[in-house]
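Trainee: Pasting a structure below so you can have a look.
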């Protein structure tokens, strides 16, 4: 680690490698924001991620991020599930960490967290942000027991847990135990520009879904709710924006339920442009950590109907009583109906109150500062008493 001077207040310039698998979704956004914040604060930052996922959109985002990556970008093939190729990846991560002289290996998600904590990297501290991942498997299942056992082993090689939600931290305490290591709850943060209201297009869709197209997102229950509402004579239309492994199954379900003319599918795109095209965002997930889509919609003053899972109640705060139980199409239909029938003035007041609350509690600056604070505490816990004065953080630009 390079110190600027011998003064006790001198700034420590960390050399940080962020390690994760897929350059897609909320985890990727979190890493991009964090990398920009840390680079703006004077730290040297690099990224190691998968070379087989992300597509053209991921390529563009990583290319745009390169000016912030003093330690460069390394892309190697990473499998989603445990695989023999993990050994090659571990060696590659260790070589990169040694080559750039990394002080901090920050793993994101189950796969990135495993690589960051198992790779050989000299004296670097090992930080872990789960982003849900293995903690979202249903308790009692064989996969849940397997992954929690793995997390217990990896916890012994973790210097700092930087949980993105109270929910995931609680799952860790319950199913893994501890931790006795440095622990922080570092919520995802938003830039001030994201709190500007979106201007809705003419003739918007009634309902929006934005995210991965897979069963764990609760999409079959959303389709059932839509069938119920249309049976009441409400000619509602749904726009589903995203991609995923269950896309074809969902399209088949749409046809089977007679919703062919009511549901449209589009590929992933910028969230604010999508929010402008719908009246209500529906998040029917069965499991989540702290989803950006909920934060972004709440910030922009978008009416929301969401399930009571993961860290979503942490986002809603005092309004968490409005959340719907998961796997409940009747409850989803009721929540959508309530928003549709709410008086405009009352609905505006509700969404503005949630936006204001999110603005007060979820900022990029706080996210960046708390992560650096976690690194510093981890060094101190290991007996390294070097202090860190964190420069003022500049928020990255948002689309």
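Trainee: So is residue 26 in contact (Cβ under 8 Å) with a residue 24 or more places away in the chain, in a helix (DSSP H, G or I) and in contact with a strand residue (DSSP E or B) (Cβ under 6 Å, 6 or more places away or on another chain) or not? Break it down into steps so the answer makes sense when it comes.
Mentor: Numbers: in contact (Cβ under 8 Å) with a residue 24 or more places away in the chain: yes; in a helix (DSSP H, G or I): yes; in contact with a strand residue (DSSP E or B) (Cβ under 6 Å, 6 or more places away or on another chain): no.
No.
Trainee: Is the stretch 140-149 home to any residue that is in contact (Cβ under 8 Å) with a residue 12 or more places away in the chain and under 17 Å from residue 83 (Cα atoms)? Write out each step before concluding.
Mentor: So the first thing to find is which residues in the stretch 140-149 are in contact (Cβ under 8 Å) with a residue 12 or more places away in the chain, and the list is 144, 147-148.
When the remaining residues are screened for being under 17 Å from residue 83 (Cα atoms), the result is 147.
Among the residues of the stretch 140-149, at least one is in contact (Cβ under 8 Å) with a residue 12 or more places away in the chain and under 17 Å from residue 83 (Cα atoms), which makes the answer yes.
Trainee: Name the residues in the stretch 130-149 that are touching a helix residue (DSSP H, G or I) at 6+ places or on another chain (Cβ under 8 Å) and either in a loop (DSSP other than H, G, I, E, B) or closer than 11 Å to residue 113 by Cα (or both), would you?
Mentor: Applying the first criterion (touching a helix residue (DSSP H, G or I) at 6+ places or on another chain (Cβ under 8 Å)) to the stretch 130-149 yields 130-139, 144, 147-148.
Scanning the stretch 130-149 gives 130, 131, 132, 133, 134, 137, 138, 139.
Trainee: Quick check, is residue 225 in contact with a helix residue (DSSP H, G or I) (Cβ under 6 Å, 6 or more places away or on another chain) and surrounded by fewer than 17 Cβ atoms within 10 Å (Cβ to Cβ)?
Mentor: Values: in contact with a helix residue (DSSP H, G or I) (Cβ under 6 Å, 6 or more places away or on another chain): yes; surrounded by fewer than 17 Cβ atoms within 10 Å (Cβ to Cβ): no.
Against the criterion (in contact with a helix residue (DSSP H, G or I) (Cβ under 6 Å, 6 or more places away or on another chain) and surrounded by fewer than 17 Cβ atoms within 10 Å (Cβ to Cβ)), residue 225 does not qualify.
Trainee: Here is a follow-up. Checking the conditions here, which among 132, 178, 122 is touching a residue at least 24 places away in the same chain (Cβ under 8 Å) and more than 20 Å from residue 48 (Cβ to Cβ)?
Mentor: Working: 178 fails: touching a residue at least 24 places away in the same chain (Cβ under 8 Å); 122 fails: more than 20 Å from residue 48 (Cβ to Cβ).
Being touching a residue at least 24 places away in the same chain (Cβ under 8 Å) and more than 20 Å from residue 48 (Cβ to Cβ) holds for just one of 132, 178, 122, which is 132.
Trainee: So, one more: May I ask you to list the residues in the stretch 185-206 that are more than 10 Å from residue 363 (Cα to Cα), surrounded by fewer than 17 Cβ atoms within 10 Å (Cβ to Cβ) and out of contact with any helix residue (DSSP H, G or I) (no Cβ under 7 Å at 6 or more places or on another chain)?
Mentor: Listed by number, the residues that qualify are 193, 196, 197, 199, 200, 201, 202, 203, 204.
Where a number appears in this text, it was derived from the coordinates with a stated rule and is not lab data. Everything numeric here is computed off the predicted structure, so don't read it as measured data. Neighbour counts run over all protein chains shown; Cβ positions are idealised from the backbone, glycine included.
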